[in-house]
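Trainee: The structure under discussion is supplied below as structure tokens; questions concerning it will follow.
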Amino acid sequence: MVNDDTIKLLNECNAGIKMAVSSINEVLPKVKDQQFGQALIDCKHLHEELGNETHRLLNEYGDGGEEPGSLAKGMSWIKTNAKLAMSPTDQTAADLITEGCNMGVKSLSRYLNEYKAADEQVKDITKKLIQSEEQLSVDIRPYL
């Protein structure tokens, strides 16, 4: 029987992945630099792979998963589109993605600490997500 911490951590990862992929999809069409765009695409693909894994595990454990909060999604969409409309530059896109990565790292780290009894496989997925977001932040620094 799977424990509550495992389900909760999986749900947080799944929701975070959906937010990250959505944010990348919002920014990607506005990015002009090919290397920057490729870094975003690579990160998005890794998130999608990990999202498929979290979704598979949630289904296996009999949980349908959760969607990111409507308010959070809406606010993110408004902020992203407003900033890019005022300043449609790679610097703006890099700033937005860096903010998102920092929030993701912070949230996932907090959940990793909070759900200590989660299955090691799920903790490993969480750590991969954290590493991916940290690496993307480093990779796009030249565009800030």
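Nothing in this text is a laboratory measurement; each read-out follows from the coordinates by a stated rule. Not measured: the values here are computed from a predicted model. Backbone-built Cβ (ideal geometry, glycine too); neighbour counts: all protein chains shown.
Trainee: Of the listed pairs LYS30/LYS128; LYS8/LYS79; LYS73/LYS116; LYS30/LYS73; LYS32/LYS79; LYS8/LYS123, which have alpha-carbon separations greater than 22 Å here?
Mentor: Pairs exceeding the cut-off: LYS30/LYS128; LYS8/LYS79; LYS73/LYS116.
Trainee: Based on the Cα gyration tensor of the range 1-73, what are the three equivalent ellipsoid semi-axes, each the root of five times an eigenvalue, rounded to whole Å and given largest first?
Mentor: 28, 13, 7
Trainee: Could you work out how far helix 4-27 tilts from the main Cα principal axis of the chain, as a 0 to 90 degree angle to the nearest 10?
Mentor: Its long axis makes an angle of about 20 degrees.
Trainee: If the elastic network links every pair of Cα atoms under 10 Å, which of GLY62, GLY16, GLY51 fluctuates the most in the Gaussian network model of the chain?
Mentor: Greatest mean-square fluctuation among the candidates belongs to GLY62.
Trainee: Using a Gaussian network model of the chain with C-alpha springs under 10 Å, which one of THR126, THR98, THR89 is most mobile by mean-square fluctuation?
Mentor: For the chain, modelled as a Gaussian network with Cα springs under 10 Å, the answer is THR89.
Trainee: Right, next: Can you put TYR61, TYR115 in order, fewest other beta carbons within 10 Å first?
Mentor: Ranked by crowding around the Cβ, least crowded first: TYR61, TYR115.
Trainee: Another question about this same structure. State the Cα centre-to-centre distance between the range 105-140 and the range 86-104 in whole Å.
Mentor: Between the Cα centre of the range 105-140 and that of the range 86-104, the gap is 20 Å.
Trainee: For semi-axes √(5λ) of the Cα gyration tensor in Å, which listed value, [x] 22, 17, 14; [y] 34, 13, 12; [z] 28, 15, 13, comes from the coordinates shown?
Mentor: [z]
Trainee: Please give the charge dipole size of the chain, origin at the Cα centre, charges +1 on K and R Cβ atoms and -1 on D and E Cβ atoms. Round to the nearest 20 debye.
Mentor: Here the size comes out at about 500 debye.
Trainee: So what is the 222 nm mean residue ellipticity for the chain from helices alone, if each DSSP H run of at least 4 adds -39500 (n - 2.57) and you divide by all residues, rounding to the nearest 500 deg cm²/dmol?
Mentor: -27500 deg cm²/dmol
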